[in-house]
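Data block below; observations after.
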Amino acid sequence: MRRASRFVRLAIAIIFSASFIVQQKLYNFYLSDVSEKHQREHENVAPAVATVDDASFTEFVSNPVTLLNREIGSITRLCRQYGKSCLLPTGSEKETGIGNVNDNGSKNTNNINSPMPIRGRSWITNNHDAFQGYAILLYYSSRNTQSMGVLGMESKSRWKRLDVNLNFGVHPCQSLHSPSIFVNDEERKLYMYVHGHGCRFSKKISQPTLLFESDDGVNWNFQPKHSAHLTDTDPSPYLFNELFYLSVPVILEEYGQRFYYAIAKTQENSVERTVLVRSASLIGPFEIGPVLGRGLRHVDLYVPPLSTSSNQTHQTPNGMIYVFFTLVGDSPERILLGTIDTSWTTKWKLWKLMPGPRILQPEYAFEHGNAVVAPSAPGVEKGKTHQLRDPRFLPNEINHDIHGVLAGKLFYSVQGEQGLAMARLSVDLSRYHQGSIAYRHFENVAPDIYNSSSLRVDVKRSRIRKQEKTLITGIGRSGTMFMCTFFQKIDIQVSHDNDKDCGPYPGPDGAVSWYDAFYTGRRYDRVLHLVRDPLKTIASRMKRKHTRKWLVKHLSPYEKVTSINDMIFAIKHWVRRNSFVERHASWRVQAEMFYSEPLAVWELCMAAGFTNRCPDLTIIRAAMDQMPSNTNTWYNASEASRRPLTWDFLELKVGPENEKYVAIAKTMARNYGYSQYANVTLVEYDCEYKVHSGNRFEDWDCSLKQ
């Protein structure tokens, strides 16, 4: 009996143990599932929203592309398997990538960079069997293996590494890197521009630019510089001896003559200058033109065909070159889009690179490998970095800007130089040019605003001025003193609103002055808009005590001073001045971003037209670190007035008659990108001159729409 009881107790214990083990495993499985879900949420990996078939890419949720806080398009990363297979190639052969670090973080053998896509042509595929059946061929280079390879994309978006050995024949370099390929359908030829390492006949610079030709994409023939182009100072056979990373040339027709434009980098120091070059022939010689900027790493160019749409609202500016690039020193390094407006002047050596939207930054594990965010460095990256590099844009075959949309695939390198990835990009060019930055063209500025602004009246003459002047303006207490002091540090000679703070007013390069938001007797070639959080600006203005005489002197006749109440004046001042400047400024920057983000400083410097004088991000970051945090900050108010200002308190103090200015300020702050006001109620409003007769403009004011 006792023995039976013992067996019963033992059986019960075994059952309870087994039950506990099962529960524990279920709990661990639950934790694992929750952990995996949490990790996906932490990495912002969105669920797939569409799958065509087993061999097609799925899509992450599209991210908006914005310019000055206006949505102008979208970009969608293309991956497989819930975002776990985003590196190329991705196919049924269970390959996850060909870079050093795959999607799952495992090691591979090859560094990979510089994706170069071209569409398959019958005259290419017919000449080499290995390329048959592939809609897109993607060339790339590897620094570790000192070689190049090719991926192929079939019609169902299935990528495969092609078993071809590119043959470059006899040439004077030990290895070739970073291919840029121009497809010439007229001649049925491919032109590849590469830079070489360990090259002969190159004593001064170790990475000259070489040109190769091919009719099948596999066998390439070195094309030495034509003997007619050799000189005593440069007898080398290279296309360029002192320039490298030449982009794919784009074609522009000028007065019936065809020119090929490309961008290359100089090699005089670690952070190179980027220059525009031009030639009447793909084989050169190329004439070196203007310096477009400093610190650009890799660049790709795109020129849309002229629009054939009958709808004039979709017409894009003629002669616009779109520039995809990244910047050395960015943190994190991300893909940017800029423009070169060739219609501004026929003198190509005066063309400038202007900033545009920030297209893509590393957000997912396959793009950054969980590496620490840090400023990028020039040169080769041998390990994982929180960076995107090497953008290459391949336009859609059908769309081709017929309806004013820049649409296609964007290829790029991830984790520095550890893999390749692909995204779908779509940008509405009418929103780009007629919405966000419409006032880069003066003809888009309303006549009454143009005539009462500080923009230069003689536009044609200003286009060829050797020394252009730029006005950065907004309202007082937005950081104008800080900005002029900073620009002096990087050798940009802009003044403040007087002759004392930052030199003579205006300076040789212009001014950072809120006085000149309206015309005061001084003219500038371009106007940029400086904004600051309205609550902080209004609070700061209230702490500065000024007499009514001073206010009238600097605000009349355009902005009427109807009250000496500091708070009422401050809210009206913020709304009126900013609403006027935004109607003719060609760029806008938040003061808070200018204080903290080197990229925002670089963008403002480029938008101001200083281009070749704008330092790289490394120099900008060092100058920012040297700036005092209390530039032009002082108080002449009681402690009570220093408390943080709120919208509710502002509405209470200004009274019912002026509540409209608070509502308008909230909407403007939201439009300027202040995300902390995302939940404010938006209103519709109009701003105009209340007195407008001939050339007489008085009392700029805003009111709510009924």
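List of remarks:
- Filter result (crowded, with 17+ Cβ neighbours inside 10 Å and in a strand (DSSP E or B)) within the stretch 120-151: Ile136, Leu137, Leu138, Tyr139, Tyr140, Ser141, Ser142, Met148, Gly149, Val150, Leu151
- With respect to the conditions (1) surrounded by fewer than 18 Cβ atoms within 10 Å (Cβ to Cβ); (2) of a type in the set (D, E, K, R); (3) under 23 Å from the mean Cα position of the chain (by Cα), Asp448 lacks only one, and its number is (3).
- Put simply, of Arg297, Arg278 the only residue that is open to solvent by 30 Å² or more (accessible area, probe 1.4 Å), at pLDDT 80 or above and either part of a strand (DSSP E or B) or closer than 28 Å to Thr346 by Cβ (or both) is Arg278.
- Out of Lys549, Lys545, one residue alone is modelled with pLDDT under 90, assigned to a helix (DSSP H, G or I) and open to solvent by 60 Å² or more (accessible area, probe 1.4 Å). It is Lys549.
- Every residue from the stretch 642-682 that is open to solvent by 40 Å² or more (accessible area, probe 1.4 Å), among the aliphatic types (A, V, I, L, M) and within 37 Å of the chain's Cα centre (by Cα): Ala678, Leu682
- Subset of the stretch 559-601 that is small (Gly, Ala, Ser) and part of a loop (DSSP other than H, G, I, E, B) - its residue that is farthest from Tyr661 (Cα to Cα): Ser586
- Single condition Val323 does not satisfy, out of (1) among the β-branched types (Val, Ile, Thr); (2) at pLDDT 95 or above; (3) over 26 Å from Ala438 (Cβ atoms): (3)
- One residue from Val575, Val561 being open to solvent by less than 30 Å² (accessible area, probe 1.4 Å) and modelled with pLDDT of 95 or more: Val575
- Residue pairs whose Cβ atoms lie under 8 Å apart, sitting 6 or more positions apart in sequence or on different chains, and linking a residue in the stretch 350-374 that is on the phi > 0 side of the Ramachandran plot to a partner that is of a type outside the set (A, V, I, L, M, F, W, C) and assigned to a helix (DSSP H, G or I), do not occur here.
The values are calculated or read from the model by the stated rules, or taken from the named source; none is laboratory data. Keep in mind that this is a model prediction, so the values were computed, not measured. Don't worry about glycine lacking a Cβ; one is built from the backbone with ideal geometry, like all the others, and counts go over all protein chains shown. What goes into the accessible areas is simple: the full protein's heavy atoms, side chains included, and nothing from ligands, DNA or RNA. Shrake-Rupley method; radii C 1.70, N 1.55, O 1.52, S 1.80 Å.
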